[in-house]
Amino acid sequence: MWRSLALGLAFAAALAGCAVVAPPRTWQDQLRGDTIALLGEVHDNVEHHRLRLDALRRAFAAGWRPAIVMEQLDRERQADIDRARHERPRDAQHVIDLATPPKGTRGSQWNWDDYRPFIELALTYDVPLVAANLSTADANKVVREGYAAVFDADAMKALGLAAAVAPDLQSAQEREIDSGHCNALPPAALPAMARGQLARDAVMASILGKHASQGAVLLAGNGHVRRDIGVPRWLSAAQRARTLTVGYLEHDTSLALETSFDAVVRTSAAERADPCIAFRKRVKPA
């Protein structure tokens with residue numbers, strides 16, 4: 001009897017020991033509740049879009065209902081998005097047709113075959129679909145003339161653009177602008193071009209924060225979702241505390257960049273021509 005009892009206790013203890021062993025948590029486990037998730041991309045890498053979509057579909061199936069906030073949609077087109085949804089609640093292409101520039105025109109650089117599934121996800125689950133970007137026209141005004149060319153004093157204060165930019169952020173953005181333009185720009189152009197990037201990040205952070213009470217996901221380029229210099233720098237401390245940043249990087253990207261994100265997904269590089277060859281020809285002095 002005692003031997004049977006001892007064996008039974010040992011078996012129960014073994015079961016209890018097994019019960020406390022949980023599978024390791026991944027960043028996808030954080031896609032729930034009021035998490036503010038910033039999911040990056042290399043814009044022309046189809047695998048990045050597929051992997052992000054898979055992660056979001058699983059999170060939505062598990063019950064997450066965040067706002068979907070997109071860099072690819074300019075903020076002034078929000079009314080068009082809302083009108084398209086009212087007219088045809090399940091038609092993602094109708095949203096694209098009404099809320100984006102015609103193909104081949106200024107500001108139409110996005111491949112909507114890559115982004116249509118995310119719009120469909122928002123429509124299927126009836127969650128907010130939010131336009132977050134500063135338009136190319138407004139960003140160019142900021143580059144040429146300064147923040148006041150686009151924002152009034154109250155808006156600049158609300159965005160955090162009224163105060164001087166932290167030196168580390170300014171210099172880091174200038175380095176990123178230089179690298180992103182093949183180190184072919186004149187140094188004198190970098191501060192103004194960095195100003196345009198800072199304005200984009202500040203606007204996206206403001207819009208993201210306003211829609212994040214029940215959770216939100218921002219779809220944007222890797223530079224915008226970097227915790228060290230991107231959109232998170234412009235969020236409030238409370239919002240940053242529940243922010244998750246995920247960089248989708250290609251295998252040939254520097255390992256040092258991984259520290260700029262909370263998590264990283266690596267993929268093969270997309271096939272593309274070297275963009276620097278054509279760019280250097282355009283900026284080469286006559």
- Looking only at region 32-54, count how many residues are surrounded by fewer than 19 Cβ atoms within 10 Å (Cβ to Cβ) and assigned to a helix (DSSP H, G or I). 6
- Message: So if I check each of D74, D91, D82, D29, which one is of a type in the set (D, E, K, R) and surrounded by fewer than 14 Cβ atoms within 10 Å (Cβ to Cβ)?
- Response: D29
- Which residue pairs have Cβ atoms under 7 Å apart, sit 6 or more places apart or on different chains, and have a first residue in region 224-249 that is over 21 Å from A194 (Cα atoms) and a second that is basic (K, R) and surrounded by 21 or more Cβ atoms within 10 Å (Cβ to Cβ)? T245/R226; Y248/R52
- The correct count of residues that are surrounded by 14 or more Cβ atoms within 10 Å (Cβ to Cβ), free of Cβ contacts under 8 Å to residues at least 12 places away in the same chain, out of contact with any helix residue (DSSP H, G or I) (no Cβ under 8 Å at 6 or more places or on another chain) and part of a helix (DSSP H, G or I) in region 94-126 is 0
- Task: Restrict the check to region 203-220 and report whether at least one residue is modelled with pLDDT of 95 or more, of a type in the set (K, R) and more than 17 Å from V165 (Cα to Cα).
- Result: yes
- Which residue pairs have Cβ atoms under 7 Å apart, sit 6 or more places apart or on different chains, and have a first residue in region 56-69 that is farther than 17 Å from P117 by Cβ and touching a residue at least 40 places away in the same chain (Cβ under 8 Å) and a second that is of a type outside the set (D, E) and part of a helix (DSSP H, G or I)? R65/Y125
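What residue, of R240, R195, is closer than 18 Å to A163 by Cβ and touching a Pro at 6+ places or on another chain (Cβ under 6 Å)?
Of the residues listed, the single one that is closer than 18 Å to A163 by Cβ and touching a Pro at 6+ places or on another chain (Cβ under 6 Å) is R240.
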- Task: Mind telling me which of the residues Q214, Q197 ends up being part of a loop (DSSP other than H, G, I, E, B), in contact (Cβ under 8 Å) with a residue 24 or more places away in the chain and either under 15 Å from A172 (Cβ atoms) or not aliphatic (A, V, I, L, M) (or both)?
- Result: Q214
- Query: Quick check, is H181 at pLDDT 95 or above and surrounded by fewer than 23 Cβ atoms within 10 Å (Cβ to Cβ)?
  - Reply: no
- Only unsatisfied item for R175, checking (1) exposed (fewer than 15 other Cβ atoms within 10 Å of the Cβ); (2) at pLDDT 95 or above; (3) at positive phi, is (3)
- If you go through region 241-285 one residue at a time, how many are within 29 Å of A188 (Cα to Cα) and of a type in the set (F, W, Y)? 1
- Query: Is at least one residue of region 165-174 part of a loop (DSSP other than H, G, I, E, B) and more than 20 Å from the chain's Cα centre (by Cα)?
  - Reply: yes
- Expected single match for crowded, with 16+ Cβ neighbours inside 10 Å and under 21 Å from the mean Cα position of the chain (by Cα) among V130, V150 is V130
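Residue-by-condition table, conditions (1) of a type outside the set (A, V, I, L, M); (2) more than 14 Å from V143 (Cβ to Cβ):
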position: A164; (1), (2): no, yes
position: L169; (1), (2): no, yes
position: E174; (1), (2): yes, no
position: L190; (1), (2): no, no
position: L198; (1), (2): no, no
position: A205; (1), (2): no, yes
position: V217; (1), (2): no, yes
- Query: Looking at (1) farther than 19 Å from W234 by Cβ; (2) crowded, with 16+ Cβ neighbours inside 10 Å; (3) at pLDDT 95 or above, which is the only condition G160 fails?
  - Reply: (1)
- Pairs where the first residue, in region 260-271, is closer than 12 Å to V42 by Cβ and the second is among the polar types (S, T, N, Q), C-beta under 9 Å, 6+ apart: R266/T253; T267/N45; S268/N45; A269/N45; A269/T253; A270/N45
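The values are calculated or read from the model by the stated rules, or taken from the named source; none is laboratory data. Note that this is a predicted model, so its numbers are computed, not measured. When we count neighbours, we look across all protein chains shown, and the Cβ atoms used for this are built from the backbone with ideal geometry, even at glycine.
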